[in-house]
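Report on the structure given below.
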Amino acid sequence: MTSIPSAAPSWRRMQIPRPLQRLFDHFPLRTYEANELPERPQHLTSSDLPTLYVFSTDSDARLGLPSFNPGCLKWQTLLRLANIDFRTLPSTNHSSPTGSLPFLLPPRTSPTTSPPPVPASSLLSFARRHRSQQQQQQQQDKNFSNLDHLDDADLPPRAQAYLALISHSLRNAWLCALYLDPARAALLRRLYVDQASSSRAVRAALLYQLRRAAAEQVATTSPGSGLGSGADGVDGVDEEAVYRSAGQALDALASLLRESGTAWFFGAQRPGPFDAALFSYTHLMVEYMSEDEDGNRDGSGEDKGRRVPLGRMVKEAGNGELARHRESMLGVAWPEWDGYRR
């Protein structure tokens, strides 16, 4: 019996030049499966706890201290508010399978199977699933009996306008103060640059990229700002307008909290996503950008300069509502931390 030849690949039925056909005959096109996660995170996530990857130092991550990155700190705080036990490990955007931090790896269920990473946008969904598996134990916890208080859908409609103050005004001020202010160059290098490489050339390139990216983001979201003519575009940012907008935003948020009548926003009895979003900036501003006893910006010994430190702006907003809110958040989310990094 004559065997039936297999169907030719679709590209063979196309009229292509003979040299290309010979090339495809020798090197056929092939689609490879997605790369697995590196062995290091697979090995380190073999415990029973989920692992959250954030911007952090090795020592801070080992102790579970707050991340120095606002985006990571927000989700780190929300997982703690959800009463989820997890570990933290330091990472970078380049090392993240999702392209950005934070991301979470659930515990491995078998030595040969790697769980898919959970991006930040799905962390609350993961928390709900994780908590449902521990329903019986969590019912005994009066403070965190459910996750309804962490649902964005429960926020009042006007909350979106106030969230914009956090995601635009406070974020731009943070970017200006940390990335664009020469007086804080040492702090920027310590947090994001020095840990990435020991090569001077790599550090210089990374520092330029960070400053350029920050200037672009501020320029696109801050009225009156634009990229300057300099190599990193920093000289086109209207920093005075950025800090003025941040001060107005802090006063508005302090007034909103004062109207709440509780320790949390919108009359809530427990902290929620809005509280975590604000805390992720106010905490870091107070920790890293308050004057020390000698009047220096961040304890680095550099001149204070003419700009008001953001930490002092947080403390002076309203009648101190935001400073007290930060302390309350620390008491709820990090009750075991004494407030000092070692």
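The values are calculated or read from the model by the stated rules, or taken from the named source; none is laboratory data. Note that the coordinates shown come from a computational prediction; the quantities given were computed from them, not determined experimentally. Here the Cβ is made from the backbone with ideal geometry for all residues, glycine too, and neighbour counts use every protein chain on show. All accessible areas refer to the heavy atoms of the entire protein, side chains included, with ligands and DNA or RNA removed. Shrake-Rupley method; radii C 1.70, N 1.55, O 1.52, S 1.80 Å.
Look at the range 257-279: where a residue is within 16 Å of E327 (Cα to Cα) and a partner is among the acidic types (D, E), sitting 6+ places away or on another chain with Cβ atoms under 7 Å, you get L257/E321; R258/E321; W264/D275; F265/D275.
Restricting attention to the range 191-216, the residues that are open to solvent by less than 40 Å² (accessible area, probe 1.4 Å) and among the β-branched types (V, I, T) add up to 1. Among all residues of the range 288-297, there is at least one that is under 22 Å from L65 (Cα atoms), in a helix (DSSP H, G or I), modelled with pLDDT under 95 and not acidic (D, E).
G339: at positive phi, within 24 Å of the chain's Cα centre (by Cα), at pLDDT below 90 and not polar (S, T, N, Q), yes or no? Even if it seems obvious, please write down each step before you answer.
Details: at positive phi: yes; within 24 Å of the chain's Cα centre (by Cα): yes; at pLDDT below 90: yes; not polar (S, T, N, Q): yes.
Yes, satisfied.
Within the range 220-240, restricting attention to residues that are touching an Asp or Glu at 6+ places or on another chain (Cβ under 9 Å) and either open to solvent by less than 60 Å² (accessible area, probe 1.4 Å) or part of a helix (DSSP H, G or I) (or both), the residue that is modelled with the highest pLDDT is E239.
Yes/no matrix, rows are residues, columns are (1) touching a helix residue (DSSP H, G or I) at 6+ places or on another chain (Cβ under 9 Å); (2) under 19 Å from P335 (Cα atoms); (3) at pLDDT below 75:
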| residue | (1), (2), (3) |
| --- | --- |
| Q42 | no, no, yes |
| L49 | no, no, no |
| S59 | no, yes, no |
| G71 | yes, no, no |
| T77 | yes, yes, no |
| L81 | yes, yes, no |
| G99 | yes, no, no |
| P102 | yes, no, no |
| P106 | yes, no, no |
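Got at least one residue in the range 177-189 being out of contact with any strand residue (DSSP E or B) (no Cβ under 8 Å at 6 or more places or on another chain), in a helix (DSSP H, G or I), farther than 17 Å from S56 by Cα and open to solvent by 60 Å² or more (accessible area, probe 1.4 Å)? Within the range 177-189 (the criterion being out of contact with any strand residue (DSSP E or B) (no Cβ under 8 Å at 6 or more places or on another chain), in a helix (DSSP H, G or I), farther than 17 Å from S56 by Cα and open to solvent by 60 Å² or more (accessible area, probe 1.4 Å)), the answer is yes, since at least one residue qualifies. Close Cβ contacts (under 6 Å, 6 or more residues apart or on different chains) running from residues in the range 110-122 that are open to solvent by 40 Å² or more (accessible area, probe 1.4 Å) to residues that are among the aromatic types (F, W, Y) and modelled with pLDDT of 80 or more comprise P117/F103; P119/F103.
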